[in-house]
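Report on the following structure.
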Amino acid sequence: MEWIADPNAWIGLVTLIILEIVLGIDNLVFISILAGKLPPSQRNKARLLGLTLALLMRLGLLASISWIVTLTKPLFTVFSFDFSGRDIIMIVGGVFLLAKGTMELHERLEGKGAIKEGNPVHAVFWQVIAQIVVLDAVFSLDSVITAVGMVQHLPVMMIAVVIAMGVMMLASKPLMSFVEKHPTVVILCLGFLMMIGFSLVIEGFGYHVPKGYLYAAIGFSILIEAANQIGRHNREKRVTTNDLRERTAGAVLRLLGGGRGSDMALSETVDVIAEHTAAADVFRPEEKEMIRGVLDLADRPVRSIMTPRNEVEWLDLDASEEELRNELRQFAHSRVILARGQVDEFVGVALTKDLLLYLADSKPIDWQGAMKQPLVVHEHSNVLRVMEQLRGSPVQMAVIVDEHGSFEGVATPTDILEAIAGEFPDEDGDTPSVETLENGVWIVDGFTDIRRLSGVLDTDLVDDDDRYTTLAGYVLWHLGHIPIGGEKFTANGFEFEVLTMERRNIAKVKITASTVYDI
């Protein structure tokens with residue numbers, strides 16, 4: 001421990017700590033980029049595990065200094081180039097950085113990372129860790145060789161490495177958040193890593209590039225990017241709530257292929273909107289749901305908004321006049337399906353108020369006179385197309401049929417409005433209920449629209465093939481059979497428990513976020 005009284009050792013310690021931090025920034029940036037490919041719940045774990053492995057690797061290499069020194073001795077010669085173990089590791093590591101950096105850069109430039117929101121495809125945890133281990137090996141060897149060349153005392157080297165890694169662990173989470181929020185910084189970092197990879201390759205071939213040149217180029221690029229970020233931040237500070245609303249409207253219109261122009265690029269407009277709406281309540285939750293509902297209409301089949309056949313009121317014209325009159329008095333809806341024998345044999349639609357006039361005047365009901373022909377559409381017809389057809393229909397109701405012509409349900413302009421603005425109470429007062437018991441626990445009606453529930457849970461439960469449109473359909477699709485009360489399953493990060501059944505219908509479902517159990 002004689003080094004403690006040596007001033008040169010302390011100067012070397014401080015210098016080595018600073019140099020280790022500088023050398024470790026490259027490692028940290030790439031770990032942040034790789035960890036960003038994982039699900040949010042695993043990113044911090046991967047980041048800390050990667051840095052811990054780097055620390056252990058460096059301490060292990062320092063403990064094997066005698067072996068490290070042998071890595072600098074030539075092993076073989078090719079075309080007058082002497083290659084040592086260190087050179088081979090540098091070349092392999094440099095090629096790895098060039099290949100990985102090129103792949104990441106290509107993915108971002110080609111836009112392959114743009115995937116469906118709410119249903120992202122994440123990397124496998126151990127695949128990312130394996131890449132981090134390879135990365136740690138490359139940077140750790142360079143770091144240890146630098147330490148051996150600067151300081152003579154092993155404890156000083158280990159202390160410097162531990163302190164530098166501790167600083168990087170503290171800085172890793174803010175750096176990771178910053179990189180995630182600023183895509184241009186990711187591109188810049190990938191450029192740095194490719195430049196470092198190239199320098200490792202040529203250094204492995206014996207062409208030494210002074211590190212000062214490398215870090216000067218990186219520092220200059222960082223200054224340029226910092227000026228860009230400061231300029232953008234100053235522009236965003238001058239944006240008001242009204243500006244954001246105006247820009248949002250303009251951006252949506254431009255995405256739809258028309259509308260107002262703007263001096264600001266569309267991508268930059270979207271970035272500004274996202275930055276401010278994330279930090280402040282520019283739009284109320286109801287407004288966000290309505291905008292999402294409008295933009296979602298083009299992708300929705302009419303069966304996703306219809307009233308299903310088991311909830312449709314209809315009259316059997318083969319019944320007696322007295323039976324029809326009694327049923328008519330109990331109807332709560334403004335339109336009624338007319339059929340013969342069964343609802344699949346529907347013949348038309350009548351307005352309830354027209355039929356009630358016959359009851360009020362005590363006259364026989366003229367079914368043919370009251371009957372109107374509805375719009376008949378296939379269950380997979382686009383909602384927007386059905387809406388256009390309803391404009392010219394004599395009765396504002398579309399009858400939905402499947403490919404065999406069987407009656408599936410009905411859709412009205414009110415159903416389309418509910419798809420945008422959310423459910424309204426029916427004439428009988430029923431409306432799907434989503435009751436929040438506590439943080440992460442909900443009691444939900446089985447016939448709640450699956451898109452509305454996705455918004456409440458902030459996850460994507462919607463099936464791209466529209467095999468179900470309600471929570472009950474989602475539960476049946478996952479279980480594969482009619483459940484009984486108390487049955488549970490886990491999907492999409494939530495536990496679903498069937499609370500009550502009404503005959504064969506799922507009435508109430510309890511949903512619990514998996515994070516509740518993690519706590």
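Beyond 30 Å between alpha-carbons counts as too far, so tell me which of Lys100/Lys288; Lys45/Lys288; Lys45/Lys100; Lys288/Lys353; Lys173/Lys508 fall in that bin.
As for pairs spanning more than 30 Å Cα to Cα, those are Lys100/Lys288; Lys45/Lys288; Lys288/Lys353; Lys173/Lys508.
Just to confirm my numbers, what's the Cα centroid distance between region 444-516 and region 289-352 in Å?
25
May I ask for the percentage of alpha-carbon pairs in region 302-421 that lie more than 20 Å from each other?
That tail contains 41 percent of the Cα-Cα pairs.
If amide H atoms are built 1.01 Å from N in the plane of the peptide, which residues on other chains or at least 5 residues away come under 5 Å of the amide H of Lys508?
Gly446, Leu499, Thr500
Over region 434-518, what relative contact order in percent results from Cα pairs under 8 Å that are six or more residues apart?
Normalised by residue count, the contact order of region 434-518 is 30 percent.
Val376's amide H: which non-local residues (gap 5+, or another chain) put their own amide H closer than 5 Å, with H modeled 1.01 Å from N in plane and none for Pro or chain starts?
Val399
What does the charge count near Val377 come to, summing +1 for each Lys or Arg and -1 for each Asp or Glu among other residues with Cβ under 14 Å from its Cβ?
-2
What is the packing order of peptides 463-476, 349-362, taking the mean over residues of other C-beta atoms within 10 Å and listing the highest first?
463-476, 349-362
Mind listing the long-range amide H neighbours of Leu75? Cut-off is under 5 Å, sequence gap 5 or more, other chains count too, H placed in the peptide plane at 1.01 Å from N.
Amide H to amide H, under 5 Å and 5 or more residues apart or across chains, Leu75 pairs with Phe83, Ser84, Gly85.
Which FRET efficiency value, to the nearest 0.05, is calculated for His478 and Ser406 with the Förster distance at 22 angstrom and r the Cβ-Cβ distance?
Working from the Cβ atoms, E equals 0.30.
Which one, Gly480, Phe494, Leu453, projects farthest toward the positive side of the charge dipole computed for region 434-518 from Cβ point charges (K/R +1, D/E -1)?
It is Gly480, whose Cα lies furthest towards the positive end.
Label-point separation (nm) for Leu356 and Thr15, each offset 7 Å from Cα along Cα-to-Cβ?
Simple spin-label model gives 9.4 nm for this pair.
Every number here is computed from the coordinates shown, using simple stated rules; none is lab data. Just so it is clear, the structure is predicted and the values come from calculations on it, not from any experiment. Don't worry about glycine lacking a Cβ; one is built from the backbone with ideal geometry, like all the others, and counts go over all protein chains shown.
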